[in-house]
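The values are calculated or read from the model by the stated rules, or taken from the named source; none is laboratory data. Values in this document were obtained by computation on a predicted structure and should not be read as measured data. As a convention, Cβ positions derive from the backbone with ideal geometry for all residues, glycine included, and neighbour counts pool all protein chains shown.
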């Protein structure tokens, strides 16, 4: 699939907001898809690694203050609904790390998201164990 850039959105999430659901809502209200990246801080994160043999995720959870070192992903559509797929790397003051597929995260101070919206809708297709982007 080829598409161009439509616009750049700067989305500020506030303390207590959940990142994935907030981005799904934002995408639904504005009918946008595209790649994004973010920085900020969290007080709780659930992340996972994809287990190819099981065909599912192995979830893990961390609580307490963490800085987002890297958060990047994309917003696409699957059967018309927004899907947020992203990976996170966050670290606590003591050095505990959360790195992998982001399932949920609660903002502690702020989260600044930079979304590049695509000119055309980026869609996913139902797959076997995962839902790839449509060619």
The correct count of residues that are surrounded by fewer than 19 Cβ atoms within 10 Å (Cβ to Cβ), within 18 Å of the chain's Cα centre (by Cα) and farther than 18 Å from residue 31 by Cα in region 81-99 is 5
Filtering region 27-59 down to residues that are touching a strand residue (DSSP E or B) at 6+ places or on another chain (Cβ under 8 Å), closer than 17 Å to residue 131 by Cα and at pLDDT below 95 yields 49, 50, 51, 56, 57
Inspect all residues belonging to region 119-135 and state whether any of them is modelled with pLDDT of 95 or more, touching a helix residue (DSSP H, G or I) at 6+ places or on another chain (Cβ under 9 Å) and surrounded by 14 or more Cβ atoms within 10 Å (Cβ to Cβ). no
query: Are any of the residues in region 40-55 more than 16 Å from the chain's Cα centre (by Cα), surrounded by fewer than 16 Cβ atoms within 10 Å (Cβ to Cβ), in a strand (DSSP E or B) and at negative phi?
result: yes
Per the filter on region 56-80, residues under 15 Å from the mean Cα position of the chain (by Cα), without any contact (Cβ under 8 Å) to a residue 40 or more places away in the chain and within 21 Å of residue 24 (Cα to Cα) are 70, 72, 73
Those residues of region 16-25 that are closer than 21 Å to residue 78 by Cβ and out of contact with any strand residue (DSSP E or B) (no Cβ under 6 Å at 6 or more places or on another chain) come to a total of 2
